[in-house]
Amino acid sequence: MEEGIGAPPQALFDAMDTYIGEQAQQGHFLDGGGLFGTEDAVNFVVRKGETTRVDGPYAEAKEVVGGWALLQYDSLEDAIAGQEEFAELHAKYWPDCEMVATLRQVSDEPPQAADA
């Protein structure tokens, strides 16, 4: 979502509480939360074998991760439907918000080494 657009309206918080409660009752919602803005963020950049600490604010940042949720579904189709419902809550209760709701699968196996 875009940074600096202000706090979400109370109606969205209320709708999200209902949505999360329903998802938890159905056994889908595992964990989630909102994130503060980037003004106090600390990043570590790894480049060419060197690690550098970079503190905010980040004038070049146009979009930030505003929150996250970890949900578990029985099928990809169910997960897609749940993600669409989540995005629609934002469209309905915070129409001024421009965001991308990204669905990603959590890996249940350790990554394979690139040179293995």
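At-a-glance table
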quantity	calculated
Accessible surface, the chain, averaged per residue in Å² (probe 1.4 Å)	80
Cβ charges +1 (Lys, Arg) and -1 (Asp, Glu), total dipole of the range 1-108, debye	440
Pairs of alpha carbons in the range 1-44 whose separation is greater than 16 Å (percent)	55
Fraction of the pair-distance distribution of the chain above 26 Å, Cα-Cα pairs, percent	36
Fluctuation leader among PHE86, PHE36, PHE44 - the chain, Gaussian network, Cα springs under 10 angstrom	PHE44
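The values are calculated or read from the model by the stated rules, or taken from the named source; none is laboratory data. These figures come from a predicted structure and were not determined experimentally. Cβ: placed from backbone, ideal geometry, glycine included. Neighbour counts: every protein chain shown. SASA here: full protein model, heavy atoms, side chains in, ligands and nucleic acids out. Shrake-Rupley method; radii C 1.70, N 1.55, O 1.52, S 1.80 Å.
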